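K.L.:
Have a look at the structure that comes next, please.
The values are calculated or read from the model by the stated rules, or taken from the named source; none is laboratory data. These numbers come from a predicted model, not from an experiment. Ideal geometry is used to build each Cβ from the backbone, glycine not excepted, and the neighbour counts take in all protein chains shown.
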Amino acid sequence: MKVTIVDYQSGNISSVINSFTEVAKGKVNLEVTSNVNKIKSSDKIVLPGQGSFKSCVDSLNNINGLIDTLKEFAITKKKPLLGICVGLQMFADVGYEEVETEGLGWISGKVTKIDNQNGKFKLPHIGWNEIEIQKESKIFKDIKNKSHMYFVHSYEFVPDDRSVILATTDYSTKIVCSVEKENLFGTQFHPEKSDKTGLKIIENFIKL
Amino acid sequence: MVILNLMIWQRRLMLKNRIIPCLDVKNGRVVKGINFVELKDAGDPVEQAKIYSDGGADEICFLDITASNENRDTIIDIVRKTAKECFVPLTVGGGVRSIQNITDLLLAGADKVSINTAAVKNIDFVKEASRKFGSQCIVVAIDAKKVLENKWEVFTHGGRNKTGINAVEFAKQVETNGAGEILLTSMDKDGTRSGYDVDLIKAITDNTNIPVIASGGVGTLDHLYDGIVKGGASAVLAASIFHYGEYKIKDAKEYLNSKNVSVRL
């Protein structure tokens, strides 16, 4: 099996590479690339994302044919794809960080700033928070409800269809922190930084 | 009353207060080492980071006190090795003064970098760094010393150089310029083991809206409690209480939990 981490020159993906390498250890062929042909021949894709919504979308657009290739992979062929942090947020139709920016439109909804209740909650939402699992998913196999995951973000994905929500976390409001729609999976938290529990989620994705 | 409110608040808060052990590294070796019996090599930063991470540390912080350009490859190598074994966030500080320094550390596997002197010299560097890499990985380290009642001044170069800059004003400025967190060290308290400068922490947390990591002066577990509950810090950083094996990370967490401070157990 070939798992590809999409390296589209946006932010720091070293930790994603390190954690997937740790889990994959000899079992899975792991590639880190933006080469569209290599992406096409993959079995699974990981779409990381750091920085702003706009900068990530811009970076995807900067690589010729990348968005079309990802779309063909995820939407037409319906092969498994995991979006992490802004990687998940980009599933949305639109994001409002910096300026209104069109997203990939794979799961309808928008990305807006977390309501910090006039400064009552500090932003970014940084640190370990509990996840409340809303429905069963293969990527949460053997993950206990209220497990701790590591978060760093100021914006949240608000899907139109609440049935895609796998888990929420409590910070000012119930923030959507994981989604699943058919072959699309996403986590707002960073499994690659969430210790053994995070590595387990990565393993679950690899084993899908 | 304020303390009582904070206690109720703490109980409700799902986001956990972080415990961050800090390792001072000089020329590739840990200076204040952990005194744990299970250590094979007391000076190896990678091995120590792994022990902390396995012991439940919420993040790991390396402070490179060599801080000379010639030795940057040494810290980068340590970060690279640590990042392959520790799957919790890793912050690296000491001598970070250019975009290239940050790029090198992030590529090696650091999740955040901490900027100190370079931020004081040129606040635009903070802005440029946070624009390029995102606020989530830019921590500004502020070293402050008390000059008057309720007035603190920023110091640089490990507390040697006075700047005349008001610490509270500077903290507001780093927030405006895109820092994701503030690592706040009291130079009066650092190394004394007599507790944090709680008034300083409170002055900064009251005047900013980004997470503050308290540092400098921890000698007992109660000091960690004060930093969080009385000072309002989101995270507490400590070195010697963990290094000398007096307390493990687990002890700190269990203690805080017993006092209704929310931590990741």
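K.L.:
Kindly indicate whether A:Val23 is surrounded by 20 or more Cβ atoms within 10 Å (Cβ to Cβ), outside any loop (DSSP other than H, G, I, E, B) and more than 9 Å from chain B (Cβ to nearest Cβ).
P.N.:
yes
K.L.:
Identify all residues within the stretch B:81-96 that are more than 9 Å from chain A (Cβ to nearest Cβ) and outside any loop (DSSP other than H, G, I, E, B); write none if there are none.
P.N.:
Result: B:Lys81, B:Thr82, B:Thr91, B:Val92, B:Gly93.
K.L.:
Output the residues belonging to the stretch A:106-124 that are in contact (Cβ under 8 Å) with a residue 24 or more places away in the chain, surrounded by fewer than 14 Cβ atoms within 10 Å (Cβ to Cβ) and either at the interface with chain B (Cβ under 9 Å from one of its Cβ atoms) or assigned to a strand (DSSP E or B) (or both).
P.N.:
A:Lys113
K.L.:
Follow-up question, since we're still on this one. Pick from the stretch A:196-205 the residues that are surrounded by fewer than 24 Cβ atoms within 10 Å (Cβ to Cβ) and not aromatic (Phe, Trp, Tyr): which of them is nearest to the other protein chains (Cβ to nearest Cβ)?
P.N.:
A:Leu199
K.L.:
Right, another one. Considering only strands (runs of 3 or more DSSP E) fully contained in the stretch B:150-261, which possess at least 2 residues that are in contact with a His (Cβ under 6 Å, 6 or more places away or on another chain)?
P.N.:
Here the list is empty.
K.L.:
Being at pLDDT below 80 and in contact with a Phe, Trp or Tyr (Cβ under 8 Å, 6 or more places away or on another chain) is the filter; apply it to the stretch B:33-55 and report the residue that is surrounded by the fewest Cβ atoms within 10 Å (Cβ to Cβ).
P.N.:
So the residue we want is B:Asn35.
K.L.:
Looking only at residues that are β-branched (Val, Ile, Thr) and crowded, with 23+ Cβ neighbours inside 10 Å in the stretch B:89-104, which one is farthest from the chain's Cα centre (by Cα)?
P.N.:
Taking the candidates together, the pick is B:Ile102.
K.L.:
Can you find even one residue in the stretch A:121-134 that is touching a strand residue (DSSP E or B) at 6+ places or on another chain (Cβ under 6 Å), under 25 Å from B:Asn17 (Cα atoms) and basic (Lys, Arg)?
P.N.:
Within the stretch A:121-134, none of the residues are touching a strand residue (DSSP E or B) at 6+ places or on another chain (Cβ under 6 Å), under 25 Å from B:Asn17 (Cα atoms) and basic (Lys, Arg).
K.L.:
Quick check on the stretch A:81-92. Is at least one of its residues surrounded by fewer than 21 Cβ atoms within 10 Å (Cβ to Cβ) and either farther than 17 Å from B:Gly134 by Cα or in contact with an Asp or Glu (Cβ under 9 Å, 6 or more places away or on another chain) (or both)?
P.N.:
No.
K.L.:
What tally of residues in the stretch B:11-32 results from selecting those that are at pLDDT below 55 and under 29 Å from B:His243 (Cβ atoms)?
P.N.:
Within the stretch B:11-32, residues that are at pLDDT below 55 and under 29 Å from B:His243 (Cβ atoms) number 0.
K.L.:
Could you please let me know if A:Gln134 is crowded, with 22+ Cβ neighbours inside 10 Å and polar (S, T, N, Q)?
P.N.:
No; evaluated as a whole, the condition is false for this residue.
K.L.:
For the stretch A:32-73, what are the residues that are assigned to a helix (DSSP H, G or I) and either within 14 Å of chain B (Cβ to nearest Cβ) or within 25 Å of B:Ser130 (Cβ to Cβ) (or both)?
P.N.:
Scanning the stretch A:32-73 gives A:Phe53, A:Lys54, A:Ser55, A:Cys56, A:Val57, A:Asp58, A:Ser59, A:Leu60, A:Asn61, A:Asn62.
K.L.:
Residues that are facing chain B (nearest Cβ under 10 Å): which strands (runs of 3 or more DSSP E) entirely in the stretch A:125-183 hold 3 or more of them?
P.N.:
A:125-133, A:148-153, A:165-171
K.L.:
Considering B:Val218, B:Val261, which residue is closer than 24 Å to A:Leu123 by Cβ and of a type in the set (A, V, I, L, M)?
P.N.:
Checking each option against the conditions leaves just B:Val261.
K.L.:
Picking from B:Lys127, B:Lys132, B:Lys145, which residue would you name as being more than 8 Å from chain A (Cβ to nearest Cβ) and not in a helix (DSSP H, G or I)?
P.N.:
Every option except B:Lys145 fails the conditions.
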